[in-house]
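Asker: This structure is in structure tokens; I'll ask about it shortly.
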Amino acid sequence: MPKSWQELDDQQLYYVYGLIADNLSGAQIRTYCLFRWGKLSVVCQYGDGYLIKQGKNEFYTTVEIITDAIRSLKWIEDISDKPVRISVIKKQEAVDAMLNGVPFEDYLYLENLYQGFLNTTRHDLLNEMGQLLYGSDKLMFGQAEKLNVFYWWTSLKAYFSKQFPNFFVAASTPTDGNLLGNSKSIGQQLQEAMNAQIRALTKGDITKEKEVLAMDTWRALTELDALAREAEEFNRKYGKH
């Protein structure tokens, strides 16, 4: 059995996201995965248990044994601690899972779409994210494929928060414009957050905006994290006023 999300290939990811899309319980999903990936099938119910087949071999097992076996797949019920995604959808290759080589402008747009989805649960926003992540504005995504986009970006945000702790912690504080639970509209909050990041990177020089937007996402976030750390150190030393 795979031991983490990182070990799953495209076919396995499709299968898991399809099960999640069917609103099955965690135990049901893990049981289906156990049987699919272990190449197991139920021959029939036998007494208090089941006769199971794997290849040419048949054996007897109980519900208790199956329950014990699916514990090894408990990780499926959590978001991956490192970004994973289906690498190819409808012959379109995805960008790098970590967004290496992706322009900062695309990152900002994707983040706006993601926050919009969290606020509205509009699936067309996930579809638009997928079109950008897979390089085609003609793609239409099924439920499993949209879940792939959501899980990918959610795990990416968690991963970025560890890689750039100063910037992402600062961005989530109530006084810095948390996107949820704010009196301003989601559109206003997103626009203000985006403008603040661009302004920080250009240091107020609007002639550098195009250059900033074309920066690699990792380079831009590294700089924003450094700026957030410097600001925090300044506030700690001299006070916020």
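Only the coordinates and a few stated rules stand behind these numbers; no lab work does. Treat the numbers as computed from the prediction; the structure is a model and nothing was measured. With ideal geometry, Cβ positions are generated from the backbone for all residues, glycine too; neighbour counts draw on all protein chains shown.
Asker: Within 10 Å of each residue's Cβ, count the other Cβ atoms and sort Phe59, Phe164 from fewest upward.
Answerer: Sorted ascending by nearby Cβ count, the order is Phe59, Phe164.
Asker: Classify the range 5-77 from the C-alpha gyration tensor, please: rounded if a/c falls under 1.5, else prolate or oblate depending on whether a/b exceeds b/c. Could you put the intermediate results ahead of the total?
Answerer: Working: a/c = 2.13, a/b = 1.67, b/c = 1.27.
Taking the square roots of the gyration eigenvalues as a ≥ b ≥ c, the range 5-77 is prolate.
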